[in-house]
Structure formats: structure tokens, C-alpha cells
Amino acid sequence: MPLTPETVDPEIVRPAVVDGLLIARSAASIGVANRIIVRALREHAAFDHDETADDVRSELRHLADEQRALAERMVTTRTRALKSRGRSRHQFDYRPDDNEALALREAIYTTIADELALLGDDPDYVDAIVLSARDRAWNDIGSAIVNQVRSVVVEDADYADARDDRLRQLVEVDLEGLRTAR
């Protein structure tokens, strides 16, 4: 009996699913961080946790939809492969011998989609991505600002040498202020 996504042992696909979920989480964090940055720069909007959580859930739904589309593509590919005869002409010209690998892919894509849908309803998971995206956005914006400031600031070669004189002058001003206050 040929292997189908329904007969795939979940433990066989689990490592690939775990990797896929890690990639999806990272993708969601990057996508949401970009939205935070755009809101901050274009709309001058402050960070809003609830709005960002909605963005995370939307991103997770989008990623789940992508995985479902890939699973559907595997259904079509498997159907064609099972009807094909002869030798394959290139790496994407699947044949009946490829059914097991294609069934595994379909099971992986479907499982990732299902788990992403569940994770979108998990407030702790969503919150972790919100915080990750916020930190990523802050680091990106902060780095851009620091780089811009570095390109504008001109080092004064005498700054360090004149430090003692500046401090002495400031102390004298403070002491004079104290004398006057008495």
C-alpha cells in the first residue's frame, strides 16, 4: 500500500516540523518588526502591544496559509507523479517512486500549518513574538541612528587633552556659584 500523508508516522516528520516552526517564528518576528518600524517612521506611531499582537496573529495565519498551499501543491504533484511513466527528465519530474517523499512533504506542510493555526491562539506564544519583534525593531532603528550619528560626529583631536582644563573651569564656575549663594 503506498504511503499517504494520513499514514505517515508523526515522529518521522517531527524534526522537520520543529525546524519549520522555528523558521516560521523567525519570519513572523521579522515581518512584524518591519511593521513596527514602518509605523514608527511613517506614521509617527508609538509601539502598541495589542496592535502588534494582532499583527503577529495575522502573520501566523498568513504563514499557515502558505504551508496549506504547499501541501495542496504536493497533492497535485503526487497525483501527477503516480500517473507518470518512464524515467524522470529532471529533478522536479516526479515519478511513482517519489510518492513516499512527496507524501512526507505534504504531511510536514500540513502539520506546520495546523500547528501555526494553534499557536496563533496561544497568548504566550504570540506575546513572545511581539516582544521579539519589538526588540528587533528597536535594535534596527537604534543601529541606524547610531550609524547616522557616527557619520555626522567629527572627532576633536584635542578633546581628551583639554579635559582637565574643562573640568577645572566647570569646578570653578560651581564654586563661584556656591560663594555667591552664601
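Could you tell me what fraction of 2.2 N^0.38 Å the Cα radius of gyration of region 1-91 comes to, as a two-decimal ratio?
1.59
How much area per residue is accessible in the chain when the probe is 1.4 Å and only protein heavy atoms are counted (Å²)?
Values: 12870 Å² over 182 residues.
About 71 Å² of surface per residue is accessible.
With all protein chains present, calculate the accessible area of H62 using a 1.4 Å probe and round the result to the nearest 10 Å².
90 Å²
Where in region 7-95 are there trypsin sites (Lys or Arg not before Pro) that are in a DSSP coil and have at most 16 other Cβ atoms within 10 angstrom of their Cβ?
Values: sites: R25, R35, R39, R42, R57, R61, R68, R73, R78, R80, K83, R85, R87, R89; in loops: R85, R87, R89.
Answer by residue number: R85, R87, R89.
Roughly what angle does helix 123-152 make with the longest principal axis of the chain, taking Cα atoms, 0 to 90 degrees, to the nearest 10?
Approximately 50 degrees, to the nearest ten.
In nm, to one decimal, how far is the R42 label point from the R61 one, both placed 7 Å along Cα→Cβ?
Rounded to a tenth, the inter-label distance reads 2.0 nm.
Calculate one ³J(HN,Hα) per residue across region 157-170 by plugging θ = phi - 60° into the Karplus curve 6.51 cos²θ - 1.76 cosθ + 1.60, and present them in order as whole Hz with x for glycine and proline.
3J(HN,Hα) across region 157-170, in whole Hz: 4, 8, 4, 5, 5, 8, 4, 4, 5, 5, 5, 4, 5, 5.
Quick one: helix 99-119 against the long Cα principal axis of the chain, what's the angle to the nearest 10°, folded into 0 to 90?
Helix 99-119 sits at roughly 40 degrees to that axis.
Probe radius 1.4 Å, ligands and nucleic acids ignored: give me the carbon and sulfur share of the accessible area of the chain as a rounded percent.
In the chain, the share of accessible area belonging to carbon and sulfur is 54 percent.
Rg and Dmax of the chain over Cα atoms: what are they, in angstrom?
Using the Cα atoms of the chain, the pair Rg, Dmax is 28.9, 104 Å.
Counting other Cβ atoms within 10 Å of each Cβ, which GluC sites (Glu not before Pro) in region 28-110 have at most 10 and sit in a DSSP loop?
On the way: sites: E43, E51, E59, E66, E72, E100, E106; in loops: E43.
Loop-located and lightly packed - E43.
How charged is the neighbourhood of R182? Take every other residue with its Cβ under 14 Å from the Cβ of R182, and add Lys/Arg as +1 and Asp/Glu as -1.
Charge balance near R182 sits at -1.
Relative to the longest principal Cα axis of the chain, at what angle does helix 49-83 sit, 0 to 90 degrees, rounded to 10?
30 degrees
The values are calculated or read from the model by the stated rules, or taken from the named source; none is laboratory data. Fair warning: this is a prediction, and the values are worked out from it, not measured in the lab. So basically every Cβ, Gly included, is an ideal-geometry build from the backbone, and we count neighbours across all protein chains shown. Accessible surface areas use protein heavy atoms only, side chains included; no ligands, DNA or RNA. Shrake-Rupley method; radii C 1.70, N 1.55, O 1.52, S 1.80 Å.
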